[in-house]
Each structure stands twice: as structure tokens, then as C-alpha cells.
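Enquirer: Please see the structure below; I have some questions.
The values are calculated or read from the model by the stated rules, or taken from the named source; none is laboratory data. These numbers come from a predicted model, not from an experiment. Positions of Cβ are generated from backbone atoms using ideal geometry, with glycine treated the same way; all protein chains shown enter the neighbour counts.
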Amino acid sequence: MRHDETFLAVTSINQFQYHLIVTSVGKVCERNYVAGGIVAGVLQNKPVGDGHATVRMMGRSRVQAGTTAITAGAEITSDASAMAVAVASGDFAIGQAITGVAASGIFEAVLGNAGWKGQ
């Protein structure tokens with residue numbers, strides 16, 4: 001089952017489809033800048049300006065990998081560029097990779113069962 005929410009983009013984030021997104025009060029969102037931090041989900045569309053952003057918060061999603069490979073089954077978190085990387089101790093996990101991927105590729109993940117790891 002998928003769970004998507006609609007937010008207003010605070011800036012043009014159309015080039016960040018499948019990147020990890022943070023939200024704040026007032027139903028607004030932007031791409032994540034905190035490595036290992038809490039994220040709301042994955043941007044599904046390409047909103048321009050203060051357009052409507054569809055954020056997948058739970059369920060299967062395509063996700064943009066960061067600068068390292070991710071193996072199938074690995075828990076994932078965000079790097080400081082809003083791309084997915086494998087979880088390290090102390091990171092906030094957003095989900096689990098279904099498929100493996102080389103650095104900078106797009107892969108399939110299941111979002112949910114989120115939480116802090118190793119704390």
C-alpha cells in the first residue's frame with residue numbers, strides 16, 4: 001500500500017524527482033540537507049516554483065542513490081544532497097532497498113518502518 005501526501009514546494013525542486021524530502025509546518029517541503037537525518041519521504045513529481053509536490057511517505061518508490069552503491073536489502077537514509085545511502089549507526093532509516101544499484105543510479109525501495117538505528 002502506498003501513502004502519498006501533497007505539499008507546496010518552497011523553491012523550484014523539479015530537478016529533484018526521486019530525492020529525499022523534508023517537510024515543515026504549513027504543508028511545505030524542500031529537499032533534505034542533513035545526512036542521516038529525519039526525512040518525510042521521496043519526491044514523486046517535478047514541481048516548479050511553489051507548485052504542488054507529491055511526496056511518497058510509505059510504500060514502494062523509485063529513489064535516487066548517492067555517491068555509493070546500495071545493495072538489495074540494505075536499509076537506506078539520506079545524504080546531505082537528498083540522495084539515498086546505506087544506513088550507518090545513528091542514522092534515521094527511511095526504508096529498505098528492494099533492488100541493488102550502483103552509485104548515482106535509480107533503484108526501488110520500500111518506504112516505512114522508519115526510525116533511528118544504533119541508538
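Enquirer: For the stretch 75-106, enumerate the residues that are part of a loop (DSSP other than H, G, I, E, B) and either in the same structural domain as H19 (by TED's automatic domain parsing) or buried (at least 17 other Cβ atoms within 10 Å of the Cβ) (or both). Don't jump to the end; show me each part of the working.
Expert: Kept after step one, since they are part of a loop (DSSP other than H, G, I, E, B), are these residues of the stretch 75-106: 79-83, 87-91, 98-100, 102-105.
Once the filter is applied, which keeps residues that are part of a loop (DSSP other than H, G, I, E, B) and either in the same structural domain as H19 (by TED's automatic domain parsing) or buried (at least 17 other Cβ atoms within 10 Å of the Cβ) (or both), the stretch 75-106 yields D79, A82, M83, V87, D91.
Enquirer: Can you name the residue in the stretch 18-41 that is touching a residue at least 40 places away in the same chain (Cβ under 8 Å) and not aliphatic (A, V, I, L, M) and is also surrounded by the fewest Cβ atoms within 10 Å (Cβ to Cβ) among such residues? Give the steps one after another, and end with the answer.
Expert: The first filter runs over the stretch 18-41 and keeps only residues touching a residue at least 40 places away in the same chain (Cβ under 8 Å), leaving 18-21, 31-39, 41.
Keeping just the survivors that are not aliphatic (A, V, I, L, M) gives 18-19, 31-33, 36-37, 41.
Values: Y18: 20, H19: 20, R31: 21, N32: 24, Y33: 12, G36: 20, G37: 14, G41: 28.
Only one residue tops the list, namely Y33.
Enquirer: To continue, here is another question. Any residue in the stretch 42-62 that is under 11 Å from R2 (Cα atoms) sitting within a Cβ distance under 8 Å of a residue that is part of a strand (DSSP E or B) and hydroxyl-bearing (S, T, Y)? List the pairs, counting only those 6 or more apart or interchain.
Expert: Note: pairs meeting the criteria are V55/T6; V55/T23.
Enquirer: A follow-up question, please. Could you please find all residues in the stretch 1-49 being outside any loop (DSSP other than H, G, I, E, B) and hydrophobic (A, V, I, L, M, F, W, C)? Working first, answer last.
Expert: Pass one, the stretch 1-49, residues outside any loop (DSSP other than H, G, I, E, B): 3-9, 14-16, 20-24, 28-31, 41-43.
The answer is F7, L8, A9, F16, L20, I21, V22, V28, C29, V42, L43.
Enquirer: Something else: Restricting to the stretch 33-80, give me the number of residues that are closer than 16 Å to N14 by Cα and not hydroxyl-bearing (S, T, Y).
Expert: 18
Enquirer: Could you run through the stretch 5-46 and say how many residues are farther than 23 Å from V110 by Cβ and within 13 Å of the chain's Cα centre (by Cα)?
Expert: 2
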